[in-house]
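Chemist: Supplied in structure tokens, the structure appears directly below.
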Amino acid sequence: MSFKADDETATVAVLDVGKTNVKLNAVTADGVVLETLSVANPVLPGPPWRHHDLDSLGEWIFSSLAALASRHPLQTFVAAGHGSGGVLVGDDPDAAAGAALPMIDYEQPLPEAIRKGYAPLAGSFFDRGSAMMHSATHQARQLYWMQEHAPDAVAAARWYLGLPQYWAWRLSGVATSEASLLGAQSHLWNVAERRFAPIVGARGWQRLMPDFADAWQVLGSVRPEFARRYGLPEALRVLAGGHDSSLNHYRYHAAGLGDFIVVSTGTWIVGFSGRTPLDRLDEHRGMTLNSDVFGNPLGGVLTMGGREFSHVTGTAPSAAPVPDDVVLGLIARRTMALPSFGDDDGLFPGSAGRGRIGGPPAETPVERKALALLYCALLTVECVEALGPGPLVVLDGSFLRDPLYARLVAALMPSRRVRFNLDAYGVASGAALLAGEGRRKGPAPLSLADPGDISHLSPAVAVYASQWRARARAGHNNGFSRDFERTYR
């Protein structure tokens with residue numbers, strides 16, 4: 001059965017490749033998720049390094065895509081992925097999953113020689129788009145490692161592809177580069193000047209970079225022999241795809257929002273604003289320069305909020321929503337979680353691994369959860385303030401499972417309008433909306449909620465936030481020995 005390009009009954013298959021899990025979604029043309037299949041993203045040990053199992057993941061993706069096609073009128077396939085993943089490939093998408101070398105797990109620790117050798121080649125902040133992050137995070141650093149380890153394999157390779165474009169290539173056979181993915185701390189693309197970073201020319205990588213396509217561009221249909229092998233619709237068209245957080249930002253753009261800051265929560269708290277001046281970006285405070293799907297600069301800020309949240313809640317977090325009086329009790333006692341518990345500084349330089357709980361301890365699971373929500377609300381506000389002015393702040397992601405989080409953020413920012421979106425599939429929705437880019441007749445549907453009454457929270461959190469900020473920014477040379485200190489791990 002075939003469907004016209006403008007047939008509103010047709011659906012979009014969205015592949016969302018995360019570091020830990022991979023999701024395949026059937027999504028309507030206006031961004032409503034109909035069905036989701038998921039699987040763990042498998043990682044294998046070295047040699048030569050810890051790497052993703054593209055063979056087994058591909059089998060799951062293609063068989064699951066066929067299963068979705070049997071239940072939904074799929075017309076379009078589009079992939080989204082995190083910015084720390086890329087695959088060096090050969091000419092044949094079917095040989096060894098197309099990979100010329102195994103895809104590096106970005107949490108794989110770097111050999112010291114690679115870390116030292118790469119650093120002087122990485123260029124300016126605008127060439128990188130971020131500070132040097134932990135382990136093998138950046139695509140340029142991964143490619144440098146590959147070239148140092150296996151120069152002959154790199155010399156024989158055909159393309160270096162970001163994750164969404166890799167999966168698009170596996171299906172269509174067409175290789176492309178894309179701005180939002182390369183603009184996600186890859187260290188390969190200078191977003192501000194729309195050019196490759198100097199390391200690309202210096203290391204001879206230009207030949208590995210295919211021509212650019214827009215995220216919504218149709219690369220072609222699924223390769224006929226591939227479609228027959230897996231039972232896929234032969235008319236299934238394949239889009240170039242893009243960076244997951246940039247696609248989440250795009251869903252709000254597609255809904256007609258203009259001057260807004262979006263903050264997504266999960267493993268990372270990620271904030272984006274298209275209005276942040278470039279000279280405001282500070283790489284030493286977790287700020288980044290990203291790209292939207294149109295290639296325009298997006299001021300970014302990120303901190304590992306999900307990991308911080310888990311450190312504070314401990315190993316047995318409460319599942320129940322937190323009553324307001326519990327968090328107000330912590331505020332009254334001046335119990336504070338101060339950064340940073342994980343190995344990332346976030347917005348507080350030099351804080352990694354120095355997280356502390358100051359003041360009387362949070363004793364019960366619900367108190368620890370309340371403290372974690374309060375701490376992450378404060379981190380969220382720091383992210384928003386770093387990005388600059390903006391009348392509307394939109395929250396989405398996993399922290400919204402507890403209503404207290406949105407109310408705390410709103411109470412901490414009385415001069416801004418705070419709204420939240422309970423849809424947990426922002427990346428999938430944004431990716432699906434790409435299929436209508438340039439043809440959409442009006443704003444895409446979007447339902448934003450008001451956090452509700454915060455009058456009982458605002459006075460208490462204002463004083464608390466001021467004291468917390470002073471302590472967090474001063475670090476730990478601030479008389480904390482007079483307080484009870486405890487780290488939850």
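The values are calculated or read from the model by the stated rules, or taken from the named source; none is laboratory data. Please read these numbers as outputs of a predicted model, since none were measured by experiment. With ideal geometry, Cβ positions are generated from the backbone for all residues, glycine too; neighbour counts draw on all protein chains shown. Accessible surface is based on the protein model in full, side chains and every heavy atom, while ligands, DNA and RNA are left aside. Shrake-Rupley method; radii C 1.70, N 1.55, O 1.52, S 1.80 Å.
Chemist: Residues of the stretch 207-226 being closer than 17 Å to ALA79 by Cα and open to solvent by less than 20 Å² (accessible area, probe 1.4 Å), which ones?
Modeler: Hits for the stretch 207-226 are ALA213, ALA215, VAL222.
Chemist: Can you pull out the residues in the stretch 115-138 that are buried (at least 17 other Cβ atoms within 10 Å of the Cβ), more than 19 Å from ASP344 (Cα to Cα) and free of Cβ contacts under 8 Å to residues at least 60 places away in the same chain?
Modeler: Passing the criteria: only TYR118.
Chemist: Could you tell me which numbered condition PHE399 fails, if it satisfies all but one of (1) more than 23 Å from the chain's Cα centre (by Cα); (2) under 21 Å from THR313 (Cβ atoms)?
Modeler: All conditions pass for PHE399, except number (1).
Chemist: Just give me the residues in the stretch 418-451 being within 21 Å of LEU15 (Cα to Cα) and either in a loop (DSSP other than H, G, I, E, B) or touching a Pro at 6+ places or on another chain (Cβ under 8 Å) (or both), in sequence order.
Modeler: Within the stretch 418-451, LEU422, ASP423, ALA424, TYR425, GLU437, ALA444 qualify.
Chemist: Another question, if that's okay. Under the condition of being touching a strand residue (DSSP E or B) at 6+ places or on another chain (Cβ under 8 Å) and aliphatic (A, V, I, L, M), which residue from the stretch 318-347 is nearest to VAL301 (Cα to Cα)?
Modeler: Filtering first and then ranking leaves LEU347.
Chemist: So if I check each of LEU338, LEU302, LEU328, which one is modelled with pLDDT of 95 or more and surrounded by 22 or more Cβ atoms within 10 Å (Cβ to Cβ)?
Modeler: LEU338
Chemist: While we're looking at this one, here's another question. Based on what the data block shows, is PRO109 open to solvent by less than 40 Å² (accessible area, probe 1.4 Å) and either part of a loop (DSSP other than H, G, I, E, B) or of a type outside the set (Ser, Thr, Tyr) (or both)?
Modeler: No: the conditions fail for PRO109.
Conditions tested, residue by residue: (1) assigned to a loop (DSSP other than H, G, I, E, B); (2) under 21 Å from SER172 (Cβ atoms); (3) of a type in the set (D, E, K, R); (4) modelled with pLDDT under 95.
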residue	(1), (2), (3), (4)
GLU8	yes, no, yes, yes
VAL39	no, no, no, no
GLY58	no, yes, no, no
ALA67	no, yes, no, no
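Chemist: Does TRP189 meet the test of being buried (at least 24 other Cβ atoms within 10 Å of the Cβ) and not β-branched (Val, Ile, Thr)?
Modeler: Yes: the conditions hold for TRP189.
Chemist: List, please: which pairs have Cβ atoms under 9 Å, are six or more places apart or on different chains, and start with a residue in the stretch 343-361 that is more than 22 Å from ALA136 (Cα to Cα) and end with one that is crowded, with 20+ Cβ neighbours inside 10 Å and of a type in the set (S, T, N, Q)?
Modeler: ARG354/SER340; GLY355/SER340; ILE357/THR335; GLY358/THR335; GLY359/THR335; PRO360/THR335; PRO361/THR335
Chemist: Suppose we filter the stretch 352-385 for residues that are within 14 Å of TRP468 (Cα to Cα), under 22 Å from the mean Cα position of the chain (by Cα) and not aliphatic (A, V, I, L, M); how many remain?
Modeler: Looking only at that region, the number is 4.
Chemist: Just the residues that are buried (at least 19 other Cβ atoms within 10 Å of the Cβ), farther than 16 Å from SER38 by Cα and either touching a helix residue (DSSP H, G or I) at 6+ places or on another chain (Cβ under 8 Å) or free of Cβ contacts under 8 Å to residues at least 12 places away in the same chain (or both), please, taken from the stretch 49-73.
Modeler: Hit for the stretch 49-73 is TRP49, nothing else.
Chemist: Also, quick follow-up: Tell me the residue from VAL263, VAL322, VAL301 that is of a type in the set (A, V, I, L, M) and out of contact with any Cys (no Cβ under 8 Å at 6 or more places or on another chain), please.
Modeler: Result of the check over VAL263, VAL322, VAL301: VAL322.
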